[in-house]
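Q: This is the structure I have questions about; it appears just below.
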Amino acid sequence: MSYANPNVLTDTEWVSKNISNKAIKIVEVDYDPENGYKQGHIQGASLIWWKRDINDPIRRDIISKTQFEDLMARNGITPESEVILYGDFNNWFAAFVFWIFKYYGHKNVKLMNGGRKKWELEKKPYTKDEPQIQKTKYVSLPPNEGLRAYLFDVRRAIDRQDNVLVDVRSPKEFTGEITAPPEYPMEHAQRGGHIPKANNIPWATAVNDADGTFKSVNDLKQIYESKGVTPDKDVICYCRIGERSSHSWFVLKYLLGYPQVRNYDGSWTEWGNMIGNPVEK
């Protein structure tokens, strides 16, 4: 059985054969470019640095429509461009950028299945040469708020039978034993635990350990449906700051074809710090 929307994925072999196609824009998305992009990247790939390029420098928020348009222009992307995203950490930051692309209405964007991990396992070539990019003019669509959940949406979802919350963090974060993974010790919340009625389905259960590619449709259905996350529900995914949950959002919306899935990018750092919010352990 194929994915519900196979057009949002491409494989390393296809990318390798289309590197010199000027109509395709390849973008590496990194949490740590010093140990990723700058050590070697796919020929012609530009860089989107998650911390610098996707988050507003002042407010705790994603970039605005104007900032997104400027980011696209600086990467040589037009609204008609076919964009291939890939990155480190099994594409979880690339999935967050994919969510941003869709939030601002970019139509033709795909993830390279397996990201850097699979490319390197196959010993495909890297370069340290950074591409010469001709700046473009980019005008995005208005934000698609149907892809994003806010605090009031989550508060309302707790009491609705037709809503389901998916906490994609690690089991230790879910139970409140820790408030952030060891890799990100500064991103804490005041309280540990999870949003009431949330189901813990760690994001990484959706990928194959060997090469970071997504699991089959049947395997993915078993993972989510066994926890009550079914297509008839209004699904809200969250993690700590919204990046891991965008990976699960991608799986549910595009690979399984769930009609109503939103990413709560406020996630636990908002919920666990908000006065009066209920917390379960």
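The values are calculated or read from the model by the stated rules, or taken from the named source; none is laboratory data. The structure displayed is predicted, hence computed values, not measured ones. Note that we place each Cβ from the backbone using ideal geometry, even for glycine, and neighbour counts take in every protein chain shown.
Q: Inside the range 131-168, can you point out the residues that are touching a strand residue (DSSP E or B) at 6+ places or on another chain (Cβ under 8 Å) and among the acidic types (Asp, Glu)?
A: Asp153, Asp162, Asp167
Q: A further question on this structure: On the given criteria, is Val164 within 13 Å of Trp268 (Cβ to Cβ), surrounded by 12 or more Cβ atoms within 10 Å (Cβ to Cβ) and either more than 23 Å from the chain's Cα centre (by Cα) or of a type in the set (A, V, I, L, M, F, W, C) (or both)?
A: Judged against the criteria, Val164 is not a match.
Q: Related question: Pick from Ile275, Ile223: which is free of Cβ contacts under 8 Å to residues at least 24 places away in the same chain and closer than 20 Å to Pro6 by Cβ?
A: Ile223
Q: Return the total of residues in the range 1-19 being assigned to a loop (DSSP other than H, G, I, E, B), surrounded by 14 or more Cβ atoms within 10 Å (Cβ to Cβ) and of a type in the set (A, V, I, L, M).
A: Adding up the residues that qualify gives 2.
Q: Separate question: When you go through Tyr138, Tyr103, Tyr150 one by one, which is the residue that is under 21 Å from Val251 (Cβ atoms) and either over 15 Å from the mean Cα position of the chain (by Cα) or not assigned by TED's automatic domain parsing to the domain that holds Val235 (or both)?
A: Values: Tyr138 fails: under 21 Å from Val251 (Cβ atoms); Tyr150 fails: under 21 Å from Val251 (Cβ atoms).
The conditions single out Tyr103.
Q: Specify which of the listed residues (Phe98, Phe89, Phe174) is buried (at least 16 other Cβ atoms within 10 Å of the Cβ) and modelled with pLDDT under 95. Show your work before the answer.
A: Numbers: Phe98 fails: modelled with pLDDT under 95; Phe174 fails: modelled with pLDDT under 95.
Matching residue, one of Phe98, Phe89, Phe174: Phe89.
Q: Output the strands (runs of 3 or more DSSP E) that fall wholly within the range 20-90 and possess 3 or more residues being assigned by TED's automatic domain parsing to the domain that holds Trp203 and closer than 20 Å to Thr127 by Cα, or say none.
A: Because the criterion is at least 3 residues that are assigned by TED's automatic domain parsing to the domain that holds Trp203 and closer than 20 Å to Thr127 by Cα, no strands (runs of 3 or more DSSP E) in the range 20-90 meet it.
Q: Just need a number here: residues in the range 30-52 that are at pLDDT 95 or above and in contact with a strand residue (DSSP E or B) (Cβ under 8 Å, 6 or more places away or on another chain).
A: The total comes to 14.
Q: To continue, here is another question. Do we find that Thr230 is farther than 24 Å from Leu147 by Cα and hydroxyl-bearing (Ser, Thr, Tyr) in this structure?
A: Considered against the rule, which asks whether it is farther than 24 Å from Leu147 by Cα and hydroxyl-bearing (Ser, Thr, Tyr), Thr230 comes out as no.
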